[in-house]
1. Can you give the relative contact order of the stretch 142-228 as a percent, counting alpha carbon pairs under 8 Å and 6+ residues apart?
2. Given the options VAL196, VAL239, VAL250, state which has the largest fluctuation in a GNM of the chain using a 10 Å cut-off (strictly under) for Cα springs.
3. Give the relative contact order (percent, whole number) for the stretch 182-305; include only Cα pairs under 8 Å separated by 6+ residues.
4. In degrees, nearest 10, range 0 to 90: what is the angle between the Cα axis of helix 134-143 and the longest Cα principal axis of the chain?
5. Rank SER186, THR176, ALA202 by how far each Cα sits towards the positive end of the charge dipole of the stretch 122-211 (+1 on Lys, Arg Cβ; -1 on Asp, Glu Cβ) and give me just the farthest.
6. Mind checking which of ALA160, ALA59, ALA40 has the largest fluctuation in a GNM of the chain, springs on alpha carbons under 10 Å?
7. Mind checking the log10 I(q)/I(0) for the stretch 39-93 at q = 0.22 Å⁻¹? Debye, one equal scatterer per Cα, no solvent, two decimals.
8. Determine the shape class of the stretch 132-177: with a ≥ b ≥ c the square roots of the Cα gyration tensor eigenvalues, call it rounded for a/c under 1.5, and otherwise prolate if a/b is greater than b/c, oblate otherwise.
Amino acid sequence: MITLHLASDKWEKLVAKGRKFALALSGGNALGAFEGGALAHLARDGQMADFIAGTSIGAINAGLFLGARNDDPEATLRQFWEELAQDIFAFSRDQQAEWAGLNSLLFGRPTASRSHVGSLLAGQRSEVALQDQGPLAQTLERLIDFDKLATRRTRLAVCAVALDPDEPVVFDSESTRIQTRHLVASASIPVLFPPVFIDGRAHVDGGLSFNLPLEPVLASVEPPFDCFALDLFPLGGKVPTSLGESGERVQNLIFGLQSRRILQDIRLRGNCRVVHVPYHPAEPESAAKAFDYSRESIRMRWQAGEEAMRRALVLCEDAKESLDRVG
């Protein structure tokens, strides 16, 4: 369900004159195809944000959206996700999703990560992670024009966690030239991927601190504004009855409760609203859903994102019209 959080006694048209538009894009690895579809719908609708905060895959999607080398954000996002998608033969859809997730965890994806499992099995203990993201860095360099990203009107905040001392950090394009290493650092899941060193300091996945990056939006954007918060780990569902269901549900609990706490604690100033847009899969997903890059899963998530963004935009207009009638 899409929900509105507001601090306003009068509604205005989305992205009306003098009103800012922001996006908060959460982490979720392969689930990020949902955000890809949502951003594609925004691009077709001619909407451009004043501020985007992204964590992990959310930061990567934001970079592709804002810095598309071919000046076509939708085509760039599609290319990125189509290159990630894999064709997995299986006897059932559930089996396909499970095998795709396991395949990605063990062997990586050609355009995103390179597996070190072989060297680890061979006894090389010098590796600090199961995979590295060298291929992802190359993909982003190919698809994103970082000079263009640096000169965009849209301000980009990339969220990560710095180590020693351990603390959340935000790389803000207003003060930092966002480059490949910032996007890769934001998506460097510990154990799976090695930390990324920036200015001599190690950084890992921002989802460990704020998977749904609303705080940078609230701290940086002056009212009045609208913020769409795209959340890849929704709460709700039945009590798990299998190991797989438990594995899937625990991810939603870890990150979904984090998001709920942020949404409950937000203090909106002036004429502002936050539209919470969670991803709800059309069918049950596996415990390895965040690594399920099967072509069918990518297609369904993308489609769900397009539809969710369409409904969110309609919801804003319906709420405006309803309050206009009352007022």
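1. Numbers: 112 pairs, mean separation 23.1, N = 87.
Contact order relative to length: 27 percent.
2. VAL239
3. Values: 125 pairs, mean separation 30.8, N = 124.
Computed value for the stretch 182-305: 25 percent relative contact order.
4. On a 0 to 90 degree scale, this one is about 40.
5. THR176
6. ALA40
7. -0.84
8. Numbers: a/c = 3.38, a/b = 1.18, b/c = 2.87.
In terms of gyration-tensor shape, oblate.
The values are calculated or read from the model by the stated rules, or taken from the named source; none is laboratory data. Values in this document were obtained by computation on a predicted structure and should not be read as measured data. Every residue, glycine among them, receives a Cβ derived from its backbone with ideal geometry; neighbour counts consider all protein chains shown. Ligands, DNA and RNA are excluded from the accessible area calculation, which covers all protein heavy atoms including side chains. Shrake-Rupley method; radii C 1.70, N 1.55, O 1.52, S 1.80 Å.
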